[in-house]
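Q: Can you read through this structure? Questions will come right after.
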Amino acid sequence: MKLADALLLKSLERVRVVAGSAGLSRKVHGIHVVDFPNPIPWVRDGQILLTTGYAWPHDPSSLRTLIHDLNACHLAAVGLAVPGFFEAMPAAACEMANDLGLPLFEIPWADSFGQVLHEVYSAILAEQYGMIRRSEEIHRGLTYAAVEATSLQDLISTLGNQLNRAVTFEDPEGHVLAYHSVDRQEDAIRRATLEQGRSAQIYDDWLEQNGLGRLVRASVRPIQIPGAPELGIKRRVVCPVRIKQELVGLVWIIEGANPLSELDTRAAEHAAVVAALHIAHQRSLTAVEARLGYSFLDALLEGRFHASPQAIERAQLLGFDSNAAYHVGMLILEITLPLSDENFLRRERLAERLRRRLRDLNLPALVSLSHNRIPFLLPAGYPPETFWDTLAEPDITFVVSRAYRGPSGMQRA
């Protein structure tokens with residue numbers, strides 16, 4: 001919980017913040033009472049330290065050193081019982097705390113430290129329980145969505161609705177495969193990403209300049225990416241999606257009206273696991289479809305297709321209309337042969353993007369693979385240049401034939 005929220009508890013309603021108010025957003029992970037010299041070894045990150053000041057020094061220099069050292073322990077705040085060993089929080093302590101942004105507060109001497117500890121720990125446990133409960137709800141929702149989902153879009157929509165946040169799923173090259181939007185919760189980078197259909201170059205460059213791009217690609221766990229207000233970039237959580245060691249995508253959650261929390265990190269990790277399972281399942285289905293499609297399309301283009309009634313029926317099941325006209329298109333990757341493992345995976349991802357694009361347009365995904373080339377059929381009447389706009393990359397060449405009709409026409413193309 002945040003310190004500002006902790007200070008609203010009934011047992012702390014009479015405290016007075018006297019310094020370091022800039023740090024009221026600090027996270028509280030616990031609370032401790034220490035009343036003997038050198039408290040440093042006994043405090044931990046995120047704790048509120050309560051003390052009567054019995055063992056505190058009285059000279060200003062030593063007080064400043066004490067506050068400096070306590071802040072170095074990443075405390076959430078320091079509370080001093082007054083009036084007692086000190087009439088009020090010492091001025092020297094306040095000066096140093098203001099410089100460091102460490103909240104200091106006075107608590108009435110008569111108020112029970114025991115009651116404060118009880119309420120703070122109860123509130124922390126309640127918040128943690130609430131987060132775990134919500135995390136389980138999100139996990140169940142994603143799991144149910146995975147069973148019913150027909151696409152990544154179904155999963156991402158479920159995640160976005162559960163969190164009420166903008167969410168994006170991108171492939172390893174940054175192409176947007178699915179997204180969920182929330183009104184007035186998107187920054188300029190997010191809007192540019194959706195308009196271009198891929199991660200905005202300015203954001204990719206910023207990630208690389210700050211060493212974050214490499215960190216994201218190497219990680220197996222969610223990472224919180226800081227914002228950059230000067231560039232209009234909000235904070236994000238990103239979680240790599242991996243199948244074995246292969247990076248197959250990235251789940252991005254964008255900060256909205258409420259700050260990102262541990263819940264978002266957990267949700268991103270749940271979503272990444274479910275997405276990996278979905279992609280693995282789709283790959284197995286695609287592999288079967290692809291083997292049939294490769295064989296059919298290769299035979300068609302090489303003139304080995306024999307138009308028997310059985311062959312025509314199989315072609316129709318694959319989506320080929322022997323009476324319709326088609327362009328033969330080809331994507332050519334400008335990469336060295338033989339294909340390296342990295343280029344092999346890149347070709348597979350490009351072929352999958354191509355199939356997905358064809359399916360999105362309710363067109364048959366008649367695609368094959370050959371070295372650095374990806375031939376496919378595009379029904380006549382669909383503008384090839386518009387199709388190319390969605391797949392264009394600097395090192396990919398797109399060629400397309402005139403439209404021809406029937407199996408014999410495909411060989412001519």
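Q: Looking only at the stretch 349-381, how many residues end up being among the aliphatic types (A, V, I, L, M) and assigned to a strand (DSSP E or B)?
A: Residues that pass the stated criteria total 4.
Q: Moving to a separate point now. Out of the residues in the stretch 347-365 that are in contact (Cβ under 8 Å) with a residue 60 or more places away in the chain and under 24 Å from the mean Cα position of the chain (by Cα), which is surrounded by the fewest Cβ atoms within 10 Å (Cβ to Cβ)?
A: The residue in question is Arg349.
Q: Next question, about the same structure. Given the criterion touching a helix residue (DSSP H, G or I) at 6+ places or on another chain (Cβ under 8 Å) and either crowded, with 21+ Cβ neighbours inside 10 Å or closer than 24 Å to His281 by Cβ (or both), identify the matching residue among Val248, Val220.
A: Working: Val220 fails: touching a helix residue (DSSP H, G or I) at 6+ places or on another chain (Cβ under 8 Å).
Val248 is the lone residue from the list that is touching a helix residue (DSSP H, G or I) at 6+ places or on another chain (Cβ under 8 Å) and either crowded, with 21+ Cβ neighbours inside 10 Å or closer than 24 Å to His281 by Cβ (or both).
Q: Here's something else I'd like to know. Return the pairs, sorted by first residue and then second, in which the second residue is part of a strand (DSSP E or B), the first residue lies in the stretch 237-257 and is of a type in the set (Phe, Trp, Tyr), the beta carbons are less than 7 Å apart, and the residues are 6+ apart or on different chains.
A: Qualifying pairs under 7 Å: Trp252/Val167; Trp252/Thr168; Trp252/Glu170; Trp252/Arg236; Trp252/Val238.
Q: Which ones in the stretch 159-210 are under 20 Å from Arg349 (Cα atoms) and among the acidic types (Asp, Glu)?
A: Glu170, Asp171, Glu173, Asp204
Q: Would you pick out the residues in the stretch 370-383 that are crowded, with 21+ Cβ neighbours inside 10 Å and touching a Pro at 6+ places or on another chain (Cβ under 9 Å)?
A: Of the residues in the stretch 370-383, the ones crowded, with 21+ Cβ neighbours inside 10 Å are 374-378.
Answer for the stretch 370-383, where residues must be crowded, with 21+ Cβ neighbours inside 10 Å and touching a Pro at 6+ places or on another chain (Cβ under 9 Å): Leu377, Leu378.
Q: Suppose we filter the stretch 184-225 for residues that are touching a residue at least 40 places away in the same chain (Cβ under 8 Å), under 22 Å from Ser261 (Cβ atoms) and either among the small types (Gly, Ala, Ser) or assigned to a helix (DSSP H, G or I) (or both); how many remain?
A: Result for the stretch 184-225: 2.
Q: If I ask for residues that are free of Cβ contacts under 8 Å to residues at least 40 places away in the same chain and aliphatic (A, V, I, L, M), which ones from the stretch 258-278 would you list?
A: Matches in the stretch 258-278: Leu260, Val273, Ala276.
Q: In the stretch 226-245, what residues are outside any strand (DSSP E or B) and touching a Gly at 6+ places or on another chain (Cβ under 6 Å)?
A: Residues of the stretch 226-245 that are outside any strand (DSSP E or B), as a first pass: 226-227, 229-232, 234-235, 244-245.
Selection gives Lys234, Arg235.
Laboratory data are not the source of any read-out in this text; all were calculated from the coordinates shown. Note that the coordinates shown come from a computational prediction; the quantities given were computed from them, not determined experimentally. Every residue, glycine as well, gets a Cβ built from its backbone with ideal geometry; the counts of neighbours run over all protein chains shown.
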